[in-house]
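As C-alpha cells, the structure follows; a few thoughts come after it.
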Amino acid sequence: MQDTKNKFYEEVIIAGFGGQGIILAGKLLAQTAMNAGKEVTFMPSYGAEMRGGTANSTVVIADTKIASPLVSRPDSLIVMNKASLNKFATRLKTGGLLVFNSSLIDSKPQLDGTIDLLAVPADDIASELGNPKVANMAVLGAYLQKRGLFTPDTAAKALPAILAKRYHQTLPVNAEALHRGAEYAKRKA
C-alpha cells in the first residue's frame, strides 16, 4: 500500500463474472478516490461475451502521479466468484488484502499466511436488501471499511456521478449495501 517515498499508493483488482457489477464497482472506487483529491487510474476489462463472461477492474489510487495503470501484483483483491479467486489470488502482494464473496466462494482460500482475508456474504446481504444486483456494493463497502480509505458515505455520494440516470432510483439500495458491507467488516475486525 506504500511506495518507496512513503506516499499513499494502492493497487486494487476487482474481479468476477459479467453481470455482477464489477466495472461499476471499479468506477465507483475510482470516482470516490478522485472526489477525495487522489490521483487515480481505472482500467476495465471484460470478455466479449459480457454477462456471464469474466470481468475485472483495475484501480490504482495514489497521492502522486501514477506512472502506469497496469497492475501485476495488487495490494488488494476483491473477488466475487471462485473462477476469479483462482485467476487472481496468487498475484496478491505479500501482506495484501483479499475480500471475497463467501456467498459464492464456499471454502477459505489457501494463500500465503500474510494475506488478510475477509469473507463477505455479499449475495446474502444483497438478497436481504431485496436487490441481488447490489452484492458488488456490499463487498466494496467491506473493502472500504477494512482499508480505511474512504467511508461508505463518501462512496455513496460518488454514486450519482457514475450510475446512469435511468438507475438513479437504485441509489438508496446501493448506498445501503455499501453500509451493510462496511458494518459486516467492522463486526469481523
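With the structure loaded, tell me whether LEU171 is without any contact (Cβ under 8 Å) to a residue 60 or more places away in the chain and either on the phi > 0 side of the Ramachandran plot or part of a helix (DSSP H, G or I) (or both) or whether it fails that test. Please lay out each step first, then the result.
On the way: without any contact (Cβ under 8 Å) to a residue 60 or more places away in the chain: yes; either on the phi > 0 side of the Ramachandran plot or part of a helix (DSSP H, G or I) (or both): yes.
Spelling it out, LEU171 is indeed without any contact (Cβ under 8 Å) to a residue 60 or more places away in the chain and either on the phi > 0 side of the Ramachandran plot or part of a helix (DSSP H, G or I) (or both).
ALA156 versus (1) surrounded by fewer than 20 Cβ atoms within 10 Å (Cβ to Cβ); (2) outside any loop (DSSP other than H, G, I, E, B); (3) in contact with a helix residue (DSSP H, G or I) (Cβ under 7 Å, 6 or more places away or on another chain): which is the lone unmet condition?
(1)
Would you call LEU92 over 13 Å from VAL120 (Cβ atoms), of a type in the set (A, V, I, L, M) and at pLDDT 95 or above?
Working: over 13 Å from VAL120 (Cβ atoms): yes; of a type in the set (A, V, I, L, M): yes; at pLDDT 95 or above: yes.
For LEU92, the condition - over 13 Å from VAL120 (Cβ atoms), of a type in the set (A, V, I, L, M) and at pLDDT 95 or above - is met.
In segment 130-153, which residue that is of a type in the set (A, V, I, L, M, F, W, C) and assigned to a loop (DSSP other than H, G, I, E, B) is modelled with the highest pLDDT? Before you say what the answer is, go through the steps one by one.
As a first pass, look at segment 130-153 and keep what is of a type in the set (A, V, I, L, M, F, W, C): 134-135, 137-140, 142, 144, 149-150.
Within this subset, residues satisfying the condition of being assigned to a loop (DSSP other than H, G, I, E, B) are 149-150.
Details: LEU149: 87, PHE150: 95.
In this case the residue turns out to be PHE150.
Out of the residues in segment 141-164 that are without any contact (Cβ under 8 Å) to a residue 40 or more places away in the chain and small (Gly, Ala, Ser), state the one that is farthest from GLU10 (Cα to Cα).
The extreme case among them is ALA164.
When you scan segment 4-17, do you find a residue that is crowded, with 16+ Cβ neighbours inside 10 Å, modelled with pLDDT of 95 or more and either in a loop (DSSP other than H, G, I, E, B) or of a type in the set (S, T, N, Q) (or both), even just one?
no
So which residues in segment 138-189 are basic (Lys, Arg), under 20 Å from ASP124 (Cα atoms) and under 15 Å from the mean Cα position of the chain (by Cα)?
Step one: of segment 138-189, the residues basic (Lys, Arg) are 146-147, 157, 165-166, 180, 186-188.
From what is left, the residues that are under 20 Å from ASP124 (Cα atoms) are 146, 180, 186-188.
LYS146, ARG180 - these are the residues of segment 138-189 that are basic (Lys, Arg), under 20 Å from ASP124 (Cα atoms) and under 15 Å from the mean Cα position of the chain (by Cα).
Please verify whether segment 116-123 includes one or more residues that are over 16 Å from the mean Cα position of the chain (by Cα) and either under 15 Å from LEU28 (Cβ atoms) or in contact (Cβ under 8 Å) with a residue 12 or more places away in the chain (or both).
Step one: of segment 116-123, the residues over 16 Å from the mean Cα position of the chain (by Cα) are none.
Within segment 116-123, none of the residues are over 16 Å from the mean Cα position of the chain (by Cα) and either under 15 Å from LEU28 (Cβ atoms) or in contact (Cβ under 8 Å) with a residue 12 or more places away in the chain (or both).
The values are calculated or read from the model by the stated rules, or taken from the named source; none is laboratory data. Note that the coordinates shown come from a computational prediction; the quantities given were computed from them, not determined experimentally. Backbone-built Cβ (ideal geometry, glycine too); neighbour counts: all protein chains shown.
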